[in-house]
Amino acid sequence: QSQQAFVSPDTIRSLFTEAMSAMYRTEVPQYGTLIELVADVNAEVLQANPELKARLAALGELDRINVERHGAIRLGTPEELFNMRRLFAVMGMEAVGYYDLSMAGVPVHSTCFRPVDEAALNINPFRVFTSLLRLELIEDKALRAEAEEILSRRKIFTEGALKLIALYEEKGGLTEEEARTFVAEALETFRWHSEATVSAETYKRLHDAHRLIADVVSFKGPHINHLTPRTLDIDAVQAGMPKRGITPKAVIEGPPRRKVDILLRQTSFKALEEPVQFIGDAATAGTHTARFGEIEQRGVALTPKGRALYDKLLNTVRGEVQVGAAGAGAGDYMSELSARFAEFPDDADTLRREGLAFFRYTVTEAGRRAVADGVKLQASVEELLKAGYLRFDPIVYEDFLPVSAAGIFQSNLGTDQQVNYAARANRAAFETALGGKVEDELALYAATQNNSLAASLQALGFTAP
Ligand code: OOG
Ligand code: NI
């Protein structure tokens, strides 16, 4: 059997990210403006912080600082989710985490397709927040049946994409030429189509049931609805948006500004009103709002204990300070958030010692020298850290936050109003549609921390317990 060289899924993911970014900038010009603002703010932050710049350079992150970190799509049927899992697998992306958005009044549940191992995340951490519409949450049975029928007729993947996915599954890889074709074919699924597949009248009924239902059901495919670059100072970008003619959502989602960043902070600009052609005799023109731009700033991943504290503090603020539909109360919300989070330790060592966050352990140069010199070492992690033989660095949170995601959804469905509904999670149904289990993100972080500690202790001459 002739052994053809396969390109790595990481390479395919990078090609895909580039292609998607280029497409989205042409489709949504305001997104290009946001990218420029983010690049300017990142450059200012780096100039003001030579230490940060050196650290990012050492991590190899400087070159791709302005490259997109995530995007999002919304799917209509279980089958679409099943095939989307297969498509992302070609790019080394797996389903991690289950998010129930019904508690925010959004009739979807979601996962994140992303690379999982550390090396792959380092090469390109691009991920896609992927939601599946839950028609069972629509009250109107006739409308539900109609939506199902419309969705059953569409084909969101090209024949070429499906063929190459099957080839990948059969052979275990794609050649460079196949990979390039695959990226071009896959891109078609995420493209915006201004021609709706329904009449203006049907669109209106879907829209009246829920804006999100109209967005998923009325079009040929799951257009990418936003892309998200990384910023080094999200507060500065939020403040800078209006000066460039961009309207940001009312509040930054997630934790407040801190010395040690935790989890994920996000904000977006309001979705644009775009022209749409409906079908029907009098081909009617109308508009649709779905597509926007977002930015993110990531911090350390929290342990279950840290996450419980985060959720508790966030919930008390949200319970007491409500942000209105037009953003009223946003200032109170942000200052109250900062005040409440004073309870959350804000230095890395306390976060580590109290088991609130995950860290990666490595042996220092001094540690390696001590081993080479045959120095007798103390078998205690705290002693090894104190002696400078061992060090720890934050493990970056690579996932999403359901309450934040709900806020991003709400803002881009036309309102900044914060709402809290009863949760109606149905993970089992989601996994049945997916055709597999979603991975547990907390288990992934715990494994990274434990493996790094075990490997470090071994390198320092201690055998595993
Ligand atoms: C997804 C919104 C969630 C995030 O970053 O939390 C999201 C959507 O609007 O489809 O992207
Ligand atoms: Ni997003």
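The values are calculated or read from the model by the stated rules, or taken from the named source; none is laboratory data. Bear in mind the structure is a predicted one, so any value in this text is a computation, not a measurement. Virtual Cβ from ideal backbone geometry, glycine too; neighbours counted across all protein chains shown. Surface areas here come from the heavy atoms of the whole protein model, side chains and all, with no ligands, DNA or RNA. Shrake-Rupley method; radii C 1.70, N 1.55, O 1.52, S 1.80 Å.
Which residue, of VAL237, VAL276, is closer than 26 Å to ALA142 by Cα and of a type in the set (A, V, I, L, M)?
Selected residue: VAL276, the only one of VAL237, VAL276 that is closer than 26 Å to ALA142 by Cα and of a type in the set (A, V, I, L, M).
Is it true that some residue in the stretch 330-346 is under 26 Å from the mean Cα position of the chain (by Cα), assigned to a helix (DSSP H, G or I) and under 30 Å from ARG391 (Cα atoms)?
Checked against the condition, which is being under 26 Å from the mean Cα position of the chain (by Cα), assigned to a helix (DSSP H, G or I) and under 30 Å from ARG391 (Cα atoms), the stretch 330-346 yields at least one hit.
Within the stretch 270-298, track down each residue that is open to solvent by less than 10 Å² (accessible area, probe 1.4 Å) and away from ligand 1 (no atom under 12 Å from the Cβ).
Of everything in the stretch 270-298, those that are open to solvent by less than 10 Å² (accessible area, probe 1.4 Å) and away from ligand 1 (no atom under 12 Å from the Cβ) turn out to be VAL276, HIS288.
Select from the stretch 428-454 the residues that are surrounded by fewer than 14 Cβ atoms within 10 Å (Cβ to Cβ) and assigned to a helix (DSSP H, G or I) and list them in ascending order.
Correct list: ALA428, THR432, ALA443, ALA447, ASN450, ASN451.
Can you pull out every residue in the stretch 215-231 that is at pLDDT 95 or above and either open to solvent by 30 Å² or more (accessible area, probe 1.4 Å) or away from ligand 2 (no atom under 16 Å from the Cβ) (or both)?
VAL216, VAL217, SER218, PHE219, LYS220, GLY221
Identify the single condition in (1) within 16 Å of ligand 1 (Cβ to nearest atom); (2) open to solvent by 10 Å² or more (accessible area, probe 1.4 Å); (3) assigned to a helix (DSSP H, G or I) that ALA239 does not satisfy, given that it satisfies every other one.
Status for ALA239: all satisfied but (1).
So, of the residues in the stretch 162-181 that are β-branched (Val, Ile, Thr) and in contact (Cβ under 8 Å) with a residue 60 or more places away in the chain, which turns out to be most open to solvent (accessible area, probe 1.4 Å)?
Filtering first and then ranking leaves THR175.
Has the stretch 255-269 got at least one residue that is open to solvent by less than 20 Å² (accessible area, probe 1.4 Å) and over 30 Å from LEU356 (Cβ atoms)?
yes
Out of GLN410, GLN418, report the one residue that is crowded, with 20+ Cβ neighbours inside 10 Å, modelled with pLDDT under 90, polar (S, T, N, Q) and part of a loop (DSSP other than H, G, I, E, B).
None of the other options fit; the residue is GLN418.
Applying the selection to the stretch 92-120, what residues are buried (at least 24 other Cβ atoms within 10 Å of the Cβ) and away from ligand 1 (no atom under 16 Å from the Cβ)?
Hit for the stretch 92-120 is PRO115, nothing else.
Against the condition within 16 Å of ligand 2 (Cβ to nearest atom) and either out of contact with any helix residue (DSSP H, G or I) (no Cβ under 9 Å at 6 or more places or on another chain) or within 28 Å of GLU68 (Cα to Cα) (or both), how does GLU365 come out, does it pass?
The answer is no for GLU365.
Residues to consider are ALA236, ALA271, ALA250; find the one that is within 14 Å of ligand 2 (Cβ to nearest atom), under 24 Å from ALA328 (Cβ atoms) and aliphatic (A, V, I, L, M).
Selected residue: ALA271, the only one of ALA236, ALA271, ALA250 that is within 14 Å of ligand 2 (Cβ to nearest atom), under 24 Å from ALA328 (Cβ atoms) and aliphatic (A, V, I, L, M).
What pairs can you find where one residue is in the stretch 325-354 and within 17 Å of ARG265 (Cβ to Cβ), the other is open to solvent by 60 Å² or more (accessible area, probe 1.4 Å) and not hydroxyl-bearing (Ser, Thr, Tyr), and their Cβ atoms are less than 6 Å apart, with a gap of 6+ or different chains?
Pairs that qualify, where the first residue is within 17 Å of ARG265 (Cβ to Cβ) and the partner is open to solvent by 60 Å² or more (accessible area, probe 1.4 Å) and not hydroxyl-bearing (Ser, Thr, Tyr), are ASP346/LYS259.
Give the residue, chosen from THR26, THR77, THR33, that is more than 28 Å from GLU118 (Cα to Cα), open to solvent by 80 Å² or more (accessible area, probe 1.4 Å) and β-branched (Val, Ile, Thr).
Only one candidate passes the filter, namely THR26.
Return a yes/no flag: does the stretch 254-262 have any residue that is over 21 Å from LEU351 (Cβ atoms), touching a residue at least 60 places away in the same chain (Cβ under 8 Å) and not in a helix (DSSP H, G or I).
no
Hey, can you tell me all the residues within the stretch 295-325 that are assigned to a helix (DSSP H, G or I), over 19 Å from the mean Cα position of the chain (by Cα) and not charged (D, E, K, R)?
PRO304, GLY306, ALA308, LEU309, LEU313, LEU314, ASN315, THR316, VAL317, GLY319
Name the single residue that is nearest to ligand 2 (Cβ to nearest atom) among those in the stretch 61-112 being assigned to a helix (DSSP H, G or I) and acidic (Asp, Glu).
GLU80
Quick one: which residue in GLU320, GLU354, GLU343 is surrounded by fewer than 21 Cβ atoms within 10 Å (Cβ to Cβ), at pLDDT below 95 and more than 16 Å from ligand 2 (Cβ to nearest atom)?
GLU320
Table: residues versus (1) open to solvent by 30 Å² or more (accessible area, probe 1.4 Å); (2) at pLDDT below 95; (3) under 18 Å from the mean Cα position of the chain (by Cα).
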| residue | (1), (2), (3) |
| --- | --- |
| ALA5 | yes, yes, no |
| GLN47 | yes, no, no |
| LEU52 | yes, yes, no |
| VAL90 | no, no, no |
